[in-house]
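Every number here is computed from the coordinates shown, using simple stated rules; none is lab data. The model shown is predicted, which means the values in this text are computed figures rather than measured ones. Using ideal geometry, Cβ is built from the backbone for each residue, glycine included, and neighbour counts are taken over all protein chains shown.
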Amino acid sequence: MNLRVPGPVPLTDEIIEASSEQMINHRGPEFADLINRMTENFKTVMSTQNRSYLITASGTGAMEAAVVNTMSPGDKSLMVTIGSFGNRFGDIAEAFGGEVTRMEYEWGEPADPDDIRRALRDEPNYKAVMITHNESSTGITNRIEEISKVVHEESDALLLLDAVSSAAGIPLAVDAWDIDTMSTASQKAWGAPPGIGMITMSERAWKARESAKMARYYFDADLYERYLQRGQPPFTPAVSALYGLDKSMQLLLDEGMENVFGRHHERAEQARQGMKKLGLELFPDESVASNTVTAVKVPDDVDGVELVSRVRKEHGVVLGGGQQKLQGKIFRIGHLGWVSKEDIDGVIKAVDAVLKDMRG
Ligand SMILES: *Cc1c(COP(=O)(O)O)cnc(C)c1O
């Protein structure tokens, strides 16, 4: 199978092997070496000195950790959404009693920093701005460096970033861009098995935590900080997933992050140009198209659900379909993690063959 959904991504043989190693005591010295090395490597990849934690959870858990550690029930926050994942941050904040203002863009559009500036001027009391770096449902990368500047210029709000499908695949410098919390997950561009959520917290975010009253237990950052001082996690971690992620972090750093980002850009270009050559239109404007997920419009004369299903059954290529209101209207090609030229060639050939056949 050529698994081309935006996570979980296929594992390289080295990472499969690493993930199948024997268990160790998570309260012992070997584990302390592992978690200390991984935390340092994670910070290096994210270009940050901020407090950073590896949490056994999916990406949504790492997003929940960002929300519950920085806000109190009744706190106002601004959720900026350009697709289905963008809404999730707001849903989490509301579930814990937050008062969320939703700035929703048409799916297919990126967020506009000027709109965010205006919203912050209209309401000076937002505790946080929550936004997605790379919206996997629409294949768009938001201009976060610029948006972060606006947020910090115009307000005291924290910037909570969903970088689940961008971190380790698309440039993102947590400290230089002044990101207060950044959440990501092992099964995306990190190229590791699912199971590990990761979060960074700025000093500002850490201070906010002291007065934040949202209910939290499993995701209480204070626990992760105190245990990390002893080289431990507060609860039993997904040891196998950590092994895989440890290996992938070492491979990424050996390759060099500039090269890793370059490789993602190349595969994305290959996918975009390949689709255009088939006469298909990209869903977003190319200037904001993501380097980890390519979203492609399904032509009007073709049933998009059937297209995705036949590409899988007849060619073993597993694409992402359109989510929610985009179901049948777009399909998505995941090219995050370790992806070869051949993998993308396989996608192009499969889509070409099925389209020709469907159109008779
Ligand atoms: C995959 C994804 C998530 C959700 O991650 P889970 O690991 O499934 O919880 C959130 N945001 C974005 C942008 C994603 O791509």
Among the aspartates and glutamates, which have Cα under 15 Å from the Cα of LYS356 when same-chain residues fewer than 8 positions away are ignored? ASP300, ASP301, ASP303, GLU306, GLU314
With the Cα gyration tensor of the chain giving a ≥ b ≥ c as the square roots of its eigenvalues, does the rule (a/c under 1.5 for rounded; else a/b larger than b/c for prolate; else oblate) give rounded, prolate or oblate? oblate
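Evaluate E = 1/(1 + (r/R0)^6) for ARG118 and LYS149, where r is the Cβ-Cβ distance and R0 equals 22 Å; express this FRET efficiency to the nearest 0.05.
Working: r = 15 Å, r/R0 = 0.68.
Efficiency, from the Cβ-Cβ distance: 0.90.
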Residue-by-residue Karplus 3J(HN,Hα) for the stretch 157-162, coefficients 6.51, -1.76, 1.60, Hz, glycine and proline x: 5, 7, 9, 9, 10, 8
What is the spin-label model distance, in nm, from GLU14 to ASP156 if the labels are put 7 Å beyond Cα along the C-beta direction? 4.8
Straight-line reach check, LYS213, cutoff 16 Å on alpha carbons, 8 or more apart in-chain or any other chain, hits among lysines -> LYS76, LYS127
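From the C-alpha coordinates alone, can you work out the Kirkwood hydrodynamic radius of the stretch 187-244, in Å?
Working: mean 1/r = 0.0758 Å⁻¹.
Kirkwood radius, the stretch 187-244: 13.2 Å.
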Inter-label distance for SER309 and LEU278, nm, one decimal - labels placed 7 Å from Cα along Cα-to-Cβ: 1.8
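I'd like to compare 56-63, 25-32: which one has the highest average count of other Cβ atoms within 10 Å, and what's the full order after that? All intermediate terms of the calculation are to be shown ahead of the outcome.
On the way: 56-63: 22.8, 25-32: 13.5.
Listed from highest to lowest mean packing, they are 56-63, 25-32.
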Find how much the distance from GLU210 to GLN327 grows on full extension, using 0.36 nm per residue of separation minus their present alpha carbon separation; answer in nm with one decimal. 37.9 nm
So between GLU255 and ASP301, what do we pick up on full extension, going 0.36 nm a residue minus the alpha carbon distance? 12.2 nm
Can you figure out the FRET efficiency of ASP91 with GLU342, using R₀ = 51 Å and their beta-carbon distance, to the nearest 0.05? 0.85
Step through the residues of the stretch 62-79 one at a time and calculate ³J(HN,Hα) from phi using the Karplus curve (6.51 cos²θ - 1.76 cosθ + 1.60, θ = phi - 60°), rounding each to whole Hz and writing x for Gly and Pro. 5, 6, 4, 4, 5, 6, 6, 8, 10, 10, 10, x, x, 5, 7, 9, 10, 9
J(HN,Hα) series, the stretch 348-360, from Karplus relation 6.51 cos²θ - 1.76 cosθ + 1.60, nearest Hz, glycine and proline x: 4, 4, 5, 5, 4, 4, 5, 4, 4, 5, 5, 8, x
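Could you work out [θ]222 nm for the chain from helices alone, using -39500 (n - 2.57) per DSSP H run of at least four and dividing by all its residues? Round to the nearest 500 deg cm²/dmol. The partial results should precede the final answer.
Details: 12 runs with 153 residues, N = 360.
Estimated from H runs of four or more residues: -13500 deg cm²/dmol.
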Hey, rough spin-label estimate for PHE235 and GLU21, points 7 angstrom out along Cα→Cβ, what's it come to in nanometres? 2.4
Nonlocal amide H pairs with ARG51, under 5 Å, H built at 1.01 Å: MET201
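Just want the ordering: ASP301, ASP220, ASP246, from fewest to most Cβ atoms lying within 10 Å of their own Cβ.
Values: ASP301 8, ASP220 16, ASP246 22.
If I rank by nearby Cβ atoms, fewest first, I get ASP301, ASP220, ASP246.
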When you count, for each residue, the other Cβ atoms within 10 Å and take the mean per peptide, how do 207-219, 157-169 rank with the highest first? 157-169, 207-219
Long-range amide H partners of VAL129, meaning residues 5 or more apart or on another chain whose placed amide H is closer than 5 Å, are LEU78, LEU158, LEU159, LEU160
